[in-house]
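The values are calculated or read from the model by the stated rules, or taken from the named source; none is laboratory data. Worth saying up front: this structure is predicted, and the values here are computed from it rather than measured. Cβ: placed from backbone, ideal geometry, glycine included. Neighbour counts: every protein chain shown. All accessible areas refer to the heavy atoms of the entire protein, side chains included, with ligands and DNA or RNA removed. Shrake-Rupley method; radii C 1.70, N 1.55, O 1.52, S 1.80 Å.
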Amino acid sequence: MKKILLINGPNLNRLGMREPHIYGSVRLADVERSLTEFAETQNALLECFQSNHEGAIIDAIHDAEGKYDGIVMNPAAFTHYSYAIRDAIAGVTVPVVEIHISNIHTREEFRHTSVIAPVTIGQIVGLGVYGYKLALLAMLEHLGGNLDE
Ligand code: DQA
């Protein structure tokens, strides 16, 4: 059974309450619960972590080494400028899929760049919270695939 860590970055603890016209009205706890249940149907184990703090996210990436097969991550605003998170990902062997709820490419200029993307296996963008499911499936496929079983 594959073990996947879901990491959500700053302000995503307020998902569902925060700018619902951009991020929708589903709360993070509901996303985490339904993704955990979905993971079980895919014969995977999902654990969830959210932090508003860059260092805590870096620690979680380091600690994932040897414990998780993959990381699904929405780095939130850190996406656009955290070389420290990028280096943390580059420094572990655990593969990462990046996910954004909104379409960062249609929004403000500063959101168009992800400093994280070059150290991930891929990015899911702009498909709402459904993107978390797609990101998880993409990770499981990357890890050896159980989609056609
Ligand atoms: C986000 C996009 C980021 O630009 C923003 O800072 C977020 C959320 C998204 O999921 O669409 O906090 O990562």
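Considering (1) of a type outside the set (V, I, T); (2) open to solvent by less than 40 Å² (accessible area, probe 1.4 Å); (3) assigned to a loop (DSSP other than H, G, I, E, B); (4) within 16 Å of the ligand (Cβ to nearest atom), the lone condition that Y68 does not fulfil carries the number (4).
The C-beta contact set for the stretch 62-80 (first residue on the phi > 0 side of the Ramachandran plot, second residue open to solvent by 60 Å² or more (accessible area, probe 1.4 Å), distance under 8 angstrom, 6+ apart or interchain) comprises A76/N11. When we screen G131, G144 for residues that are open to solvent by less than 80 Å² (accessible area, probe 1.4 Å) and in a loop (DSSP other than H, G, I, E, B), the only hit is G144.
Look at M73 and say whether it is within 16 Å of the ligand (Cβ to nearest atom), aliphatic (A, V, I, L, M) and open to solvent by 60 Å² or more (accessible area, probe 1.4 Å). So M73 fails the test. Just one residue in the set E19, E47 is surrounded by fewer than 18 Cβ atoms within 10 Å (Cβ to Cβ), without any contact (Cβ under 8 Å) to a residue 24 or more places away in the chain and acidic (D, E); that residue is E19.
The residues of the stretch 1-25 that are in a loop (DSSP other than H, G, I, E, B), under 17 Å from Y130 (Cβ atoms) and within 12 Å of the ligand (Cβ to nearest atom), listed by number, are L15, G24.
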